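Peer 1: After the structure tokens below, expect a handful of questions from me.
The values are calculated or read from the model by the stated rules, or taken from the named source; none is laboratory data. It should be emphasised that the depicted structure is a prediction, and the values quoted were computed from it without experimental measurement. Every residue, glycine as well, gets a Cβ built from its backbone with ideal geometry; the counts of neighbours run over all protein chains shown. Accessible surface areas use protein heavy atoms only, side chains included; no ligands, DNA or RNA. Shrake-Rupley method; radii C 1.70, N 1.55, O 1.52, S 1.80 Å.
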Amino acid sequence: MAIASSTFSGFRPEAIDFLADLAANNDREWFNPRKADYERLLKQPLEAMVAALAERLAARDIPLQADPKRSIFRIYRDTRFSKDKSPYKTHLGASFPWLERSPDGSMVVADGSAHANGGYFNFQPGEMYVGGGMWMAEKPRLDAFRRAIVEEPDRVRAALEEPGFKAAFGSVTAHEHLKRVPAGLPADHPMADLFRYKDVVFGRRLSDAEVLSPSLPDTLADAFAAGMPVFEFLATIRA
């Protein structure tokens, strides 16, 4: 299948309306007659946006992979193990994994895990945002993050509190927290709250005007540039 060109002219306002309508009519009877609208309003523009973003990232030496074939999540939900059998997601998302240089000099995805370091874009009515981090990290990587806090607190603080990052995103956060500091870690540590994080993420809301603008690839590239101190730090966290 051909991938849309990197000429991105912006999403149309009707794209937001489509997802709002889908949320109210999440069934195949509603979606199937409108699949062409979904592709025209959402799928094809998102492919073009990701292709344009790839050019911006390359020009600015930001090692995140933006690939129209790989970055974009399918709109179809996996309902096999869910009580909610709604067939479609009511948002679009794209992920941009961190790249590192391989022994042969090429740039490759640093970690094949879906929970590794990288950037993210979410397109959803009322929930437009850009961010990144280490989503729902696996235990060995979380353990390595916690060790870094204990052994190299100044390095951790320098990354998480870098002024440009803080101005763009504020503080890192987590989707979920443990109720208490894990056993064996110092509960009185100045950054003890980070021990309770189940992942390490950051983000900021985007206005509809930002998302609908043809300048969206530049907006995302600016955000990921601001996130570089944390991306670079997380890239050093190895299980």
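Peer 1: Could you please state how large a percent of the accessible area of region 1-81 is carbon and sulfur, counting protein chains only and using a 1.4 Å probe? Numbers along the way, then the final one.
Peer 2: Values: 2240 of 4770 Å².
C and S fraction of accessible area: 47 percent.
Peer 1: If Rh is defined by the Kirkwood formula over all Cα pairs and Rg also comes from Cα, what ratio Rg/Rh do you get for region 69-160?
Peer 2: Here the Rg-to-Rh quotient is 1.05.
Peer 1: First compute the accessible area of region 155-226 with a 1.4 Å probe, then give the percent of it belonging to carbon and sulfur atoms.
Peer 2: Using a 1.4 Å probe with all protein chains present, region 155-226 comes out at 53 percent carbon and sulfur.
Peer 1: Mind putting a number on the dipole of region 120-220 about its Cα centre? Charges go on the C-beta only, +1 for Lys and Arg and -1 for Asp and Glu, and I need it in Debye to the nearest 20.
Peer 2: Rounded to the nearest 20 debye, it is 360 debye.
Peer 1: Write down Rg/Rh for region 67-123, rounded to two decimals, with Rg from the C-alpha atoms and Rh from the Kirkwood relation over Cα pairs.
Peer 2: 1.10
Peer 1: In deg cm²/dmol and to the nearest 500, what is the mean residue ellipticity at 222 nm of the chain if only DSSP H runs of at least 4 residues count, each as -39500 (n - 2.57), divided by the residue total? Can you show the working numbers first?
Peer 2: Values: 11 runs with 92 residues, N = 239.
Helix contribution divided over all residues of the chain: -10500 deg cm²/dmol.
Peer 1: Mind checking the dipole of region 1-86: about its Cα centre, +1 per Lys or Arg Cβ, -1 per Asp or Glu Cβ, Debye to the nearest 20?
Peer 2: Approximately 280 debye in magnitude.
Peer 1: What number comes out for the charge environment of Arg77, summing +1 per Lys or Arg and -1 per Asp or Glu over other residues with Cβ under 15 Å away?
Peer 2: Surrounding charge for Arg77 is +3.
Peer 1: Can you bin the chain into rounded, prolate or oblate? Criterion: square roots of the alpha carbon gyration tensor eigenvalues sorted a ≥ b ≥ c, rounded for a/c under 1.5, prolate for a/b above b/c, oblate for the rest.
Peer 2: The shape class here is prolate.
Peer 1: With θ set to phi - 60°, apply the Karplus curve 6.51 cos²θ - 1.76 cosθ + 1.60 along region 117-126 and write out the HN-Hα couplings as whole Hz, x wherever there is a Gly or Pro.
Peer 2: Working through the residues one at a time gives 6, x, x, 8, 10, 10, 10, 7, x, x Hz.
Peer 1: Further, regarding this structure: Grab the other residues whose beta carbon is less than 12 angstrom from that of Met128, score K and R as +1, D and E as -1, and report the net.
Peer 2: -1
Peer 1: Turning to a different aspect of this structure: Taking +1 at the Cβ of each Lys and Arg and -1 at the Cβ of each Asp and Glu, which of Ala137, Val156, Leu99 sits farthest along the dipole of region 83-220 towards its positive end, judged by Cα position relative to the Cα centre?
Peer 2: Ranked along the dipole, the leading option is Ala137.
Peer 1: How high is the relative contact order of the chain, given as a whole-number percent (alpha carbon pairs under 8 Å, six or more residues apart)?
Peer 2: Computed value for the chain: 22 percent relative contact order.
Peer 1: Leaving out ligands and nucleic acids, note down the accessible area per residue over the chain with a 1.4 angstrom probe, in whole Å².
Peer 2: Per residue, the chain has 52 Å² of solvent-accessible surface.
Peer 1: Rg/Rh for region 107-183: what does it come to with C-alpha atoms and Rh from Kirkwood?
Peer 2: Ratio of gyration radius to Kirkwood radius for region 107-183: 0.98.
Peer 1: Next up: Can you give the charge dipole size of region 1-147 about its Cα centre, rounded to the nearest 20 debye, using +1 on the beta carbon of Lys and Arg and -1 on the beta carbon of Asp and Glu?
Peer 2: Numbers: 21 positive and 19 negative charges, 68 e Å.
Taking the Cα centre of region 1-147 as origin, the dipole is about 320 debye.
Peer 1: Let a ≥ b ≥ c be the square roots of the eigenvalues of the Cα gyration tensor of region 1-124; is it rounded (a/c under 1.5), or, if not, prolate (a/b larger than b/c) or oblate?
Peer 2: oblate
Peer 1: Taking one equal scatterer on every alpha-carbon of region 117-239, how large is log10 of I(q)/I(0) by Debye at q = 0.10 1/Å?
Peer 2: The calculated log intensity ratios at q = 0.10 Å⁻¹ are -0.33.
Peer 1: Something else about it: Short version: ³J(HN,Hα) in whole Hz for each residue of region 215-227, in order, from phi by Karplus 6.51 cos²θ - 1.76 cosθ + 1.60 (θ = phi - 60°), x for Gly and Pro, what are they?
Peer 2: Ordered by residue, 3J(HN,Hα) equals 7, 3, x, 5, 4, 5, 4, 4, 5, 5, 4, 5, x Hz.
Peer 1: I'd like the projected area of region 180-239, averaged over all directions, using the convex hull of its alpha carbons. Report it in nm² with one decimal.
Peer 2: Projected area, direction-averaged: 6.1 nm².
Peer 1: A further question on this structure: Do any of Lys139/Lys179; Lys85/Lys198; Lys43/Lys89 go past 19 Å between their Cα atoms, and which?
Peer 2: Flagged as over cut-off: Lys85/Lys198.
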